[in-house]
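One structure below.
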Amino acid sequence: MNNLSTFPITKKWPARHPERIQLYSLPTPNGVKVSIMLEETGLAYEPHLVRFDHNDQLTPEFMSLNPNNKIPAIIDPNGPDGEPLALFESGAILIYLAEKSGRFLPLDAAGRYETIQWLMFQMGGIGPMFGQLGFFHKFAGKDYEDKRPRERYVAESKRLLGVLNGQLAQRTWIAGDTYTIADIAIFPWVRNLIGYYEAGDLVGIADFPHVTRALENFVARPAVVKGLEIPNRDGAA
C-alpha cells in the first residue's frame with residue numbers, strides 16, 4: 001500500500017510520506033492553483049520543489065510523470081479504485097481534487113459545467129495571454145524594438161479583464177456566490193499580472209473594480225495565503 005517506487009520521479013524526489021498526495025511544483029500562477037486547492041480542501045499532501053533554474057522540469061524523472069515538462073503534476077497514492085493516479089495539467093488536477101474532496105465544484109450539472117467553462121476560460125485565455133504580456137513587458141520582450149507584439153497582448157489582456165469584470169459585477173465569485181475552482185484558477189494569474197509582471201498600470205487595472213475587489217477577497221483567504229508560498233523556493237516542504 002502507498003508504494004510509489006514504480007514511479008521514476010520518486011527517485012529524484014523521494015516521498016517521505018508516501019501515503020499523501022505528492023505535488024511536484026513551483027510557486028508560479030499555474031503551480032499555486034494546486035497548492036491552494038490542496039490547502040483549501042485539507043487533503044494531505046507532500047510538496048516537492050521543481051527548480052527551473054536547475055532545469056528539473058527537463059529531467060527524465062520529471063518527464064516520466066509529465067512528458068510536456070510543465071508544472072504542476074501530482075501522484076495520488078489513493079486514486080480511483082485505491083490505485084495510484086498520476087496527473088499533469090493544472091486544470092485537470094483541479095477537477096480531480098474537487099471531485100475527490102467533494103468541494104469547490106457544484107454537484108448540479110448546470111453549476112458544474114458553468115464552473116468548468118470558466119476554468120477553461122483561464123486555461124485557454126487568461127494564462128496564455130497574461131503570460132505573453134509578462135514576457136513582452138517585463139522580460140526579454142523589452143529587447144524588441146517593434147512594440148506591436150506587446151500591444152497585442154495588452155489589448156487582449158484588457159479585453160479578458162473586461163470579461164471578468166462584467167461577470168463579477170453582480171456576483172461575489174466567478175461562477176456565482178460560491179467560491180469554486182474557477183476562482184482558484186483565475187486569481188493567481190490576475191495577481192501575477194499586476195504584481196510580479198508589474199503590468200497593472202499598463203492594462204489599466206483600476207478600470208476593473210469588480211476584478212480587484214474579488215482579488216482582494218481571494219488573497220485574504222488563509223488557504224490562499226499559505227498556498228501561494230508552496231513549494232517553498234528554498235526547497236523546504
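Points worth noting:
- When each of Pro14, Pro8, Pro77, Pro84 is tested for being out of contact with any helix residue (DSSP H, G or I) (no Cβ under 8 Å at 6 or more places or on another chain) and either loosely packed, with under 14 Cβ neighbours inside 10 Å or farther than 29 Å from Asp183 by Cα (or both), the lone residue that passes is Pro14.
- Single residue of Ala44, Ala86, Ala73 found to be of a type in the set (A, V, I, L, M) and within 25 Å of Val190 (Cα to Cα): Ala73
- Condition check for Phe62 on (1) open to solvent by 10 Å² or more (accessible area, probe 1.4 Å); (2) under 21 Å from the mean Cα position of the chain (by Cα); (3) more than 25 Å from Arg112 (Cβ to Cβ): one failure, at (1).
- For Arg51: the one exception among (1) buried (at least 17 other Cβ atoms within 10 Å of the Cβ); (2) under 18 Å from the mean Cα position of the chain (by Cα): (1)
- In region 209-221, of all residues being of a type outside the set (Asp, Glu) and without any contact (Cβ under 8 Å) to a residue 24 or more places away in the chain, the one that is most open to solvent (accessible area, probe 1.4 Å) corresponds to Ala220.
- All positions within region 19-42 that are closer than 17 Å to Glu61 by Cα and either modelled with pLDDT under 95 or over 15 Å from the mean Cα position of the chain (by Cα) (or both): Gln22
- Taken over region 1-18, the criterion of being under 22 Å from Glu89 (Cα atoms) and modelled with pLDDT of 95 or more is satisfied by Phe7, Pro8, Ile9, Thr10, Lys11, Lys12, Trp13, Pro14, Ala15, Pro18.
The values are calculated or read from the model by the stated rules, or taken from the named source; none is laboratory data. Because the structure is a prediction, the values reported are computed rather than measured. No Cβ is skipped: glycine too gets one built from the backbone with ideal geometry, and neighbour counts run over all protein chains shown. Calculation scope for accessible area: heavy atoms of the full protein, side chains included, ligands and nucleic acids excluded. Shrake-Rupley method; radii C 1.70, N 1.55, O 1.52, S 1.80 Å.
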